[in-house]
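Comments concern the structure below.
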Amino acid sequence: MNNVAKTFNGLIRYFSRAFPGRAVFLAVLLSPVGLLAQVAGASGCLQQEAVFFSCQLRGNNQIASICTAPKEPPFISVTYRYGAGTANEVTYTASVENHNRFLGTVSAISPKATVRQVWFELKGSKYVVTSCVGGDCAHRGGLIVFRKGQLEISQPCAQGNGGHPWFSSEVVRFGSSLDSSHSNTDLIQLQDFDNNVNVLYPAREVN
């Protein structure tokens, strides 16, 4: 195992000289540990990544996570993973190397609750990761999936599972409105959009 680690570290040093700015990205892709080992707790993020959002959904073992690499800005990739353990059913990556991008917005659902959202579209489905802030929130966070415009999943995060059901302000600083929000990466672009989040957050319903 020590020989493998030495070989891997040598490769990263080589690539850092040959391809400046890409060493961390290559480390995430090539690491034999990084491919398998994920952050402990309710997260699908790799050890080389930071958790932007993560939670285990209520009633099952599925974990929805959004992760950034490297752990601090400037970020070269943002990745969504959905699955149980290391078995990911859905993976989507926006990076400086491709044209994929995440979108984000914030919606007021009552005078005392706003829902922050980050989403993407893949193969006819829209995946909307949400976090609610305020006293009128029915849930702290959750996942909404629409398949060809029809609701497929509307699942809140489970409580008390050690997850991270909120968006890290180091990546996107959400305010009470879109105008007061700011993304710290071009990989997540903010825009005004209605994602019909009331399917998961009925107005003024409180747990």
Of residues in region 158-169 being part of a loop (DSSP other than H, G, I, E, B) and not polar (S, T, N, Q), the one farthest from the chain's Cα centre (by Cα):
Gly160
Looking at region 170-195 only, could you name the residues that are under 20 Å from Glu49 (Cα atoms) and assigned to a loop (DSSP other than H, G, I, E, B)?
Glu170, Val171, Asn184, Thr185, Asp186, Leu187
Can you confirm whether Thr114 is of a type in the set (S, T, N, Q) and either touching a residue at least 60 places away in the same chain (Cβ under 8 Å) or farther than 24 Å from Ile76 by Cα (or both)?
yes
Name the residue that is nearest to Lys123 (Cα to Cα), counting only residues in region 72-87 that are modelled with pLDDT of 95 or more and aliphatic (A, V, I, L, M).
Val78
Members of region 146-185 found to be among the hydroxyl-bearing types (Ser, Thr, Tyr) and either surrounded by fewer than 15 Cβ atoms within 10 Å (Cβ to Cβ) or not assigned by TED's automatic domain parsing to the domain that holds Thr68 (or both), listed by number
Ser169, Ser176, Ser177, Ser180
Does Gly134 count as free of Cβ contacts under 8 Å to residues at least 60 places away in the same chain and either within 19 Å of Pro202 (Cα to Cα) or under 14 Å from the mean Cα position of the chain (by Cα) (or both)?
yes
From the list Val90, Val96, which residue is closer than 15 Å to Trp119 by Cα, assigned by TED's automatic domain parsing to the domain that holds Pro165 and modelled with pLDDT of 85 or more?
Val90
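Can you find, within region 196-207, the residue that is nearest to Pro111 (Cα to Cα) among those that are part of a loop (DSSP other than H, G, I, E, B) and modelled with pLDDT of 95 or more? Talk me through it step by step, then tell me what you get.
Residues of region 196-207 that are part of a loop (DSSP other than H, G, I, E, B), as a first pass: 196, 200-207.
From what's left, modelled with pLDDT of 95 or more: 196, 200-201.
On the way: Asn196: 17, Leu200: 17, Tyr201: 14 Å.
Restricting to residues being part of a loop (DSSP other than H, G, I, E, B) and modelled with pLDDT of 95 or more, the top hit is Tyr201.
The values are calculated or read from the model by the stated rules, or taken from the named source; none is laboratory data. The structure displayed is predicted, hence computed values, not measured ones. FYI the Cβ positions are ideal-geometry reconstructions off the backbone, even for glycines, and counts take in every protein chain you see.
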